[in-house]
Amino acid sequence: MGFNEFISSIFGNKASRDMKEIQPWVNKIKAVYPEIAALDNDALRAKTDELKANISNAAAEQRAKVNELKAGIENVELEKREAVFAQVDKIDKEILEIYEKALDEALPTAFAIVKETARRFTENEEITVTANDFDRTLAATKDFVRIEGDKAIYQNHWVAGGNEIVWNMIHYDVQLFGGVVLHKGKIAEMATGEGKTLVATLPVFLNALTGNGVHVVTVNDYLSKRDSEWMGPLYMFHGLSVDCIDKHQPNSDARRKAYLADITFGTNNEFGFDYLRDNMAISPKDLVQRQHNYAIVDEVDSVLIDDARTPLIISGPVPKGEDQLFEELRPLVERLVEAQKKLATQYLTEARKLIASGDKKEQEEGYLALFRSHKALPKNKPLIKFLSEQGIKAGMLKTEEIYMEQNNKRMHEATDPLYFVIDEKLNSVDLTDKGVDLITGNAEDPTLFVLPDITAELSELENESGLSDEQRLEKKDRLLTNYAIKSERVHTINQLLKAYTMFEKDDEYVVIEGQVKIVDEQTGRIMEGRRYSDGLHQAIEAKERVKVEAATQTFATITLQNYFRMYHKLSGMTGTAETEAGEFWDIYKLDVVVIPTNRPISRNDMNDRVYKTKREKYKAVIEEIEKMVNEGRPVLVGTTSVEISEMLSKMLAMRKIPHNVLNAKLHQKEADIVAQAGQSSTVTIATNMAGRGTDIKLSTEVKAAGGLAIIGTERHESRRVDRQLRGRAGRQGDPGSSVFFVALEDD
C-alpha cells in the first residue's frame, strides 16, 4: 500500500468525503418526492408559489427597514448619509444570509418539483393547468403554450437552438448530487454526457425563487440562446421569467428587461461588457444590470481560468485617430520583407549544403547560416521542414548558445547581415542598420527611421549656454516633436513588420467581409469584437488591404476574474476542473467536487504512441483514422492549432477520406458538425475545445463497432485540455477509445 492509499484508508479521500456530505440532501429530496409526485398540475405550481412566499417572508422585516432608510435619505444631512448607506449595506448582507437559510430549507421540495416537472413533460405530450396572467402573456409570444378558455396547455416539444426538441429527460440521482453542489456555491465536475445543462435547472430554479436574479453563463452565444430556449419552458411552467441578453442589443430596453428576468442567460463577455457600459453610464436610467446575486458558469474552467486573465476592454476613438502611417509606409515594409525573404532563402540553401558536407568547419558555418535564416524568417515553411530533420534543430540551438554568451555580447555578429531581426519568444522585430539603410534609400535625412537619444539631447540642451528661457523652451519643443514623429514612424514600421512576418492569414486571423478577425489559438473560434492592441490590428488591415480602422484608446476595462468575484454566490460546472482545483480555490475560494458518473465509464484510454519525427507521427495518425473508418467507427481528431487541422485535412483529402473540419471559418456550423460527429465512419477534426457543450450521440450500429474513437495529435500544455478531448467519448457508459500520438519533435 502506497503512502497516498494509506492516508486515504485513515481519512478517506476528498471525493468520498464530499459524497458523504451531500448524500443526506439527496435523501431528503427523495423522501419528499412521492408527496410532490402525488400533486395534480395546479397543486404542483401552487407549491412553487408557496416556496416563493416563504422565502420572501423570511426577510420581510429587514426589507421593510431598507425601504424605510432609502425613502428617508433625502431628509438626512449630506455628511450623515454615508452612515445610512453603510447601514443599508449591512442589512442587505443580512437579507442575503436569511435567504440562503430559507433556500436550504426549500431545497428538497424545490428540487423534487423540478424533477417531477421534468417527468411530466417527458411522459405527457400536453400538460393542462388553470391559466394565470403569466400563462396568457407567455402564450402571446411562445408557441409551446396555448390558452383554451380558462386553461393553459403546455406542450412537451419546442424549438431550441434552431432545432425542434421533444423533452425526454428526468434527473438521475447523480444529477441531484450535482444540483446540491452548485447551490452550495461550488464547482461540480461531471463527465461529458452526464447532462450538466439539466443539472443546472435544479439550483437555477431554487435560487430564482428569491426574485434577486440568477445568471447562467455560457462560453458562446449559440449555447446561451439554445440553453435559454431548451430549459426555459421548465421554469416558465412555474411562473419564472427567462431571457437571454445575447438576443438583445447592448444598452437597449430589451436588454435591461432581460436582466430583470428571474433567470438570465448570456455569454461571459457580454455580462462583463454590460458591467463596463454601466460604469460609463451618465444617468441611472441607462443602467441595465442589477445586483450580482448568483451565477452558474458553464464550462467554468474555460471561463474562469483560460479566459479570465484577458481583460475586456471598451475603447473609443483617439483624436486624429484616422491620421495613420500604415498605408503610407506599407510599400517600404513590403520592399524590406521581400529583401529579407531572398536573404533567408539564400542562407537556408547555404546551410543545407554546408551541413551536409563532412567537414566540421563547414558544418559550423552551415549552422550559423541556418541560425541567420531562422532569425530572418522563423515562420518560413521550408525552414520549419528542415529544422524537423533529425539533429538539425539541436545543432542550430548549439550555435545560438555561442552568440548568446555573456548577455548576447556576440549576437550582433550573427544578425548584422540581416535587414531586421525577429525574436519569436519576445514577440519583437528590430530593424538593423542594413534595414534602415534600405528603407531610407535616397532620402535627404539618413536618420528618418532612427530614434534619437532624447535623454542625451535634452541634457545637452540644459547645459547649452547663451539661450534665453524662451529659446530653450522652443528648442525643447522642437526636439520632443521630432522624437514623437520619429517614434511613431519607427513604431509603425515595427508593427507592419510583425504583421508581415509573424501573423499569417487563416492561422492567427481571418479576413471576412473586409474585416480582420482574430482566431483564438486555443479553440479555433473567431473572437468577435476583439482587436490586437498597439496598432498591430491596423498593421494587419494595411497588409490585407482592407479599411484601416481609426486608432482607439481604452475607456473602461475589467478582467473576467474580477467581474465574477463580485457575485454574492458563484458556482460552476465542467467535465475537467479537478486539475485546476488549487487555482479555483486560491482565486475564487471555489471548492471542486467530483460527481460520479451515472453509469461506469467503459472508454478504453490507451497509452501514448511515440514517434521520432512529426512526419512519421502524422502518417501514423492518418493510418489510424483510415483503420477506424473501415471499422465503421466515428473518429474525432483533436489538434492544438488551426494550422495542424488544415494540414491533416489536406492529408485526408489526398487519401479521399471524407471529413469535417471545425475551424474559425465554420464556427457557426460548429454545433451541427459536432452533433453529426457520432455517425458511422464520420471523421471530424477539431481544435482543442471547439464544439464543447454539444453531445455526440451514437447509434446502436456505432456502439457495436466500438464507439467513438478519439485521436489526439499531440499533448496540450494543459492536462485539462487533453482530458476534455478524451471526455468526448464514453458518455453515459458508451463504448469508445482514446489515444494520443506524440513525436519527439513536438513543442
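Of the residues making up the range 429-443, at least one is within 28 Å of L368 (Cα to Cα) and part of a loop (DSSP other than H, G, I, E, B).
Considering only the range 31-42, state which residues are hydrophobic (A, V, I, L, M, F, W, C) and surrounded by 12 or more Cβ atoms within 10 Å (Cβ to Cβ). Selection gives V32, I36, A37, L39. Beta carbons closer than 8 Å, at least 6 apart along the sequence or on distinct chains, pair a first residue in the range 375-388 that is touching a residue at least 60 places away in the same chain (Cβ under 8 Å) with a second that is in a helix (DSSP H, G or I) and among the aliphatic types (A, V, I, L, M) for L377/A344; L377/L383. Please go through the range 309-364 and give me each residue that is closer than 30 Å to I485 by Cα, part of a loop (DSSP other than H, G, I, E, B) and touching a strand residue (DSSP E or B) at 6+ places or on another chain (Cβ under 8 Å), ordered by number. Correct list: V318, G321.
Take the conditions (1) more than 30 Å from T492 (Cα to Cα); (2) of a type in the set (G, A, S); (3) open to solvent by 10 Å² or more (accessible area, probe 1.4 Å); S315 misses just one of them, which is (1). When you scan the range 703-719, do you find a residue that is in a helix (DSSP H, G or I), among the hydrophobic types (A, V, I, L, M, F, W, C) and open to solvent by 40 Å² or more (accessible area, probe 1.4 Å), even just one? So far as the range 703-719 goes, yes, one or more of its residues are in a helix (DSSP H, G or I), among the hydrophobic types (A, V, I, L, M, F, W, C) and open to solvent by 40 Å² or more (accessible area, probe 1.4 Å).
Does E541 satisfy being within 20 Å of V217 (Cα to Cα) and either open to solvent by 20 Å² or more (accessible area, probe 1.4 Å) or not hydroxyl-bearing (S, T, Y) (or both)? Considered against the rule, which asks whether it is within 20 Å of V217 (Cα to Cα) and either open to solvent by 20 Å² or more (accessible area, probe 1.4 Å) or not hydroxyl-bearing (S, T, Y) (or both), E541 comes out as no.
Taking the range 111-160 as the range and being part of a helix (DSSP H, G or I), open to solvent by less than 10 Å² (accessible area, probe 1.4 Å) and either in contact (Cβ under 8 Å) with a residue 60 or more places away in the chain or of a type in the set (K, R) (or both) as the test, the residues that pass are F111, A112, I113, V114, E116, T117, A118, F121. Taking first residues from the range 543-558 that are small (G, A, S) and partners that are open to solvent by 70 Å² or more (accessible area, probe 1.4 Å), the Cβ contacts under 6 Å between residues at least 6 apart in sequence or on separate chains come to A550/P317; A550/E322; A556/N279; A556/M280. Which of the residues spanning the range 564-579 are open to solvent by 10 Å² or more (accessible area, probe 1.4 Å) and of a type in the set (S, T, Y)? Matches in the range 564-579: Y567, T579.
Among the residues of the range 376-409, which ones are open to solvent by 50 Å² or more (accessible area, probe 1.4 Å), part of a helix (DSSP H, G or I), under 25 Å from V337 (Cβ atoms) and charged (D, E, K, R)? Across the range 376-409, the qualifying residues are K381, K385, K393.
Scanning the range 265-277 for residues being assigned to a helix (DSSP H, G or I) and within 18 Å of C244 (Cα to Cα) gives a total of 9.
Somewhere in the range 694-701, is a residue among the aliphatic types (A, V, I, L, M), in a helix (DSSP H, G or I) and modelled with pLDDT of 80 or more? No. The strands (runs of 3 or more DSSP E) located wholly in the range 564-672 that include 1 or more residues which are in contact with a helix residue (DSSP H, G or I) (Cβ under 9 Å, 6 or more places away or on another chain) and within 23 Å of T310 (Cβ to Cβ) occupy 569-574, 592-594, 635-639, 660-662. When the range 161-176 is filtered for residues that are modelled with pLDDT of 90 or more, polar (S, T, N, Q) and either crowded, with 18+ Cβ neighbours inside 10 Å or under 29 Å from the mean Cα position of the chain (by Cα) (or both), only Q175 remains.
Restricting attention to the range 244-275, the residues being surrounded by fewer than 18 Cβ atoms within 10 Å (Cβ to Cβ) and aliphatic (A, V, I, L, M) number 2. I'd like to check something: does the range 433-453 contain any residue that is among the aliphatic types (A, V, I, L, M), in contact with a strand residue (DSSP E or B) (Cβ under 7 Å, 6 or more places away or on another chain), modelled with pLDDT under 90 and under 22 Å from P378 (Cα atoms)? Within the range 433-453, not a single residue is among the aliphatic types (A, V, I, L, M), in contact with a strand residue (DSSP E or B) (Cβ under 7 Å, 6 or more places away or on another chain), modelled with pLDDT under 90 and under 22 Å from P378 (Cα atoms).
The values are calculated or read from the model by the stated rules, or taken from the named source; none is laboratory data. Owing to the predicted nature of the structure, the values given are computational and were not obtained by experimental measurement. Note that we place each Cβ from the backbone using ideal geometry, even for glycine, and neighbour counts take in every protein chain shown. The protein model used for the area step is the full one, side chains on, heavy atoms only, and it has no ligands, DNA or RNA in it. Shrake-Rupley method; radii C 1.70, N 1.55, O 1.52, S 1.80 Å.
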